[in-house]
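Here's the structure we're looking at; comments come further down.
The values are calculated or read from the model by the stated rules, or taken from the named source; none is laboratory data. In this text the structure is predicted, and so the values were computed from the model without any measurement. Because the Cβ atoms are built from the backbone with ideal geometry, glycine has one as well, and the counts that use them run over all protein chains shown.
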Amino acid sequence: MKQLRDVTNILVTRVISLLIFLILIGLLNFLLDFFDNSVFSSVVYFLNFNFGLVMVFWVLFLFGDLFYVLVFPLDLPAPIFHAIGSSFLVLFVFRIFSLLEDLIGIKIGLPVDSLYLFVTLIVFISVFIVGYFRIFDRIGTPRTKAVKKARARKKELRLEQKIKNVVESSIEDIKRAVE
């Protein structure tokens, strides 16, 4: 039941975020006719050009999150989707840096191609490894929580029984005292 609630929550929040993004893109494209500003035009054209890229990493992160809420071993694909999505996100960030260089007119001077490959590889490997650490770390967690909950309930039942015994013995003492 909790998994279904988590999946529904993820789908609803992601679809809402996609709708907000689509409305924003539509609004920016609509406003493009009213503003004669090269910076604004460049940003809108940049977002239009990279719309497919944004959709790709949005879908990859969505699948990663959907797989992650499932129980082991069904959650094993999650880090793969997150790692690939992160690689596309790195590409998008590097394209933002390129846009900023064009808008400012100053070349930062970074070796973008070799730096991009290095950063993408580091991000991919990091997200991949951390994702699997998260999965394997939580394997016993639900069982542990269930055991702790059962122990707490057992302790609670024992306490209730003790209270019941004290109340019954008090009632017996009162009955004897009244007779």
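Name the residue that is modelled with the highest pLDDT, counting only residues in region 35-75 that are surrounded by 14 or more Cβ atoms within 10 Å (Cβ to Cβ) and assigned to a loop (DSSP other than H, G, I, E, B). Applying the filter and picking the extreme gives Asn50. A count restricted to region 1-34 and to residues that are among the aromatic types (Phe, Trp, Tyr) and exposed (fewer than 12 other Cβ atoms within 10 Å of the Cβ) stands at 2. Remark: pairs (first residue in region 156-179, modelled with pLDDT of 75 or more; second residue not in a loop (DSSP other than H, G, I, E, B); Cβ separation under 8 Å; 6+ apart in sequence or on different chains) are absent.
Report yes if Ser86 is buried (at least 17 other Cβ atoms within 10 Å of the Cβ), in the same structural domain as Tyr132 (by TED's automatic domain parsing) and over 13 Å from Tyr132 (Cα atoms), otherwise no. So Ser86 passes the test. A count restricted to region 76-111 and to residues that are among the charged types (D, E, K, R) and not in a helix (DSSP H, G or I) stands at 1.
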